[in-house]
Amino acid sequence: MSRDHRLGIVFGLLTAFCWAISPIFIRLGLLGLPSSLWGVTIGLLASTLVYGLWFAGPERQRLFSRGRDALRADQGRIARLAIPIQILAGVSAGIGVLSRTISIDLAPIVVVVPLGHSSALFTLILAPLVLGAHLERITPRLTAGVLLVVAGAALIVIGQNL
Amino acid sequence: MSAFAGILWALGSAVAFSITHVAVRRAVVHLGVALGTLLMLVVATVTIGSAALLIDQTTALAAATTAGLLYFAAAGLIHFVGGWSFMNASARLIGAARMSAATAASPLFAAILAVLAFNEDLNVLIASGVVLIAAGTYLIATG
């Protein structure tokens, strides 16, 4: 296993850790602002402000410039599409949050939350189709791993809501 | 009927997040993690803010307490600044499929936190889920 692969897995698990902690604060926030959509908007606004201020520092402007210069230097078709594709990522993430919020209002959490976690299954199918098998190598171990993680997530959510 | 609609919305959210993961994998390689995350934050703020205005209007926001706003701000910093930055970095290194699988392990950490920090009960289903996620993560890491 290469260093990049190990680091990538660690970053993925750190993402999962952050996403496990945030609902604690969301539950507390709902006591004072009983609107999930506005709550998420406030969270996004705070994040954008902090990230923007972080970018204002001279060291971080170097990171911003590097990204911009890399785009200019790389004249490939995909590089030129990087900004619209990332905009799509942002819109899609927003739609995902909105859909999840609506689903929780309509159906039991024990059903909708595990279904929401099935995004890994959809990515397993979508990624090689869209990105190509050379970028997304789908192995039997990866497939088995995804199935186990999705099943395990479902069991935990069901067990917490019994 | 509404429960069925809820299931469809839940599946819709899974598909939407999947599209996000694939798009991020494609774009962040060229943009870098920092710029990519900032762009996502701006766009998502506009998207969800517009939905909040249309669906919930401004009544709840106008009556919000300071504590509520601060808690949501903290949740956002953890979920988006932390979570999305790590997500973009992960996708750049190991691709969308492996990143998506690793991030799906969040119930594992939620269960551990619930048991250790909040003294919640550990039952057979939760324990089984923890084992499955751990095994699945191992296969993803070594696959």
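Does B:HIS21 meet the test of being at the interface with chain A (Cβ under 7 Å from one of its Cβ atoms) and within 28 Å of A:VAL111 (Cα to Cα)?
Numbers: at the interface with chain A (Cβ under 7 Å from one of its Cβ atoms): yes; within 28 Å of A:VAL111 (Cα to Cα): yes.
Yes: the conditions hold for B:HIS21.
Residues of region A:49-62 being at pLDDT 70 or above, in a helix (DSSP H, G or I) and more than 10 Å from chain B (Cβ to nearest Cβ), which ones?
Initially, region A:49-62 is screened for residues at pLDDT 70 or above, giving A:49-58.
Those left that are additionally in a helix (DSSP H, G or I): A:49-56, A:58.
Passing the criteria: A:LEU53, A:ALA56, A:PRO58.
Among the helices (runs of 4 or more DSSP H) lying completely within region B:1-110, list those that include at least 3 residues that are surrounded by fewer than 22 Cβ atoms within 10 Å (Cβ to Cβ) and touching a residue at least 60 places away in the same chain (Cβ under 8 Å).
none
Answer with yes or no whether A:ALA93 is surrounded by fewer than 18 Cβ atoms within 10 Å (Cβ to Cβ), part of a helix (DSSP H, G or I) and either on the phi < 0 side of the Ramachandran plot or polar (S, T, N, Q) (or both).
Details: surrounded by fewer than 18 Cβ atoms within 10 Å (Cβ to Cβ): no; part of a helix (DSSP H, G or I): yes; either on the phi < 0 side of the Ramachandran plot or polar (S, T, N, Q) (or both): yes.
Against the criterion (surrounded by fewer than 18 Cβ atoms within 10 Å (Cβ to Cβ), part of a helix (DSSP H, G or I) and either on the phi < 0 side of the Ramachandran plot or polar (S, T, N, Q) (or both)), A:ALA93 does not qualify.
What are the residues in region A:129-161 that are hydroxyl-bearing (Ser, Thr, Tyr) and at the interface with chain B (Cβ under 7 Å from one of its Cβ atoms), if any?
Result: A:THR139, single match.
Hey, any hits in region A:63-77 for a residue that's at pLDDT 85 or above and at the interface with another protein chain (Cβ under 7 Å from one of its Cβ atoms)? Explain how you work it out, then say what you get.
Narrowing region A:63-77 to residues at pLDDT 85 or above: none.
Within region A:63-77, not a single residue is at pLDDT 85 or above and at the interface with another protein chain (Cβ under 7 Å from one of its Cβ atoms).
For region A:106-161, what are the residues that are surrounded by fewer than 20 Cβ atoms within 10 Å (Cβ to Cβ) and in contact (Cβ under 8 Å) with a residue 40 or more places away in the chain?
A:PRO108, A:ILE109, A:VAL110, A:ILE158, A:ASN161
The values are calculated or read from the model by the stated rules, or taken from the named source; none is laboratory data. Every value quoted in this text rests on a predicted model; they were computed, and no experiment measured them. Virtual Cβ from ideal backbone geometry, glycine too; neighbours counted across all protein chains shown.
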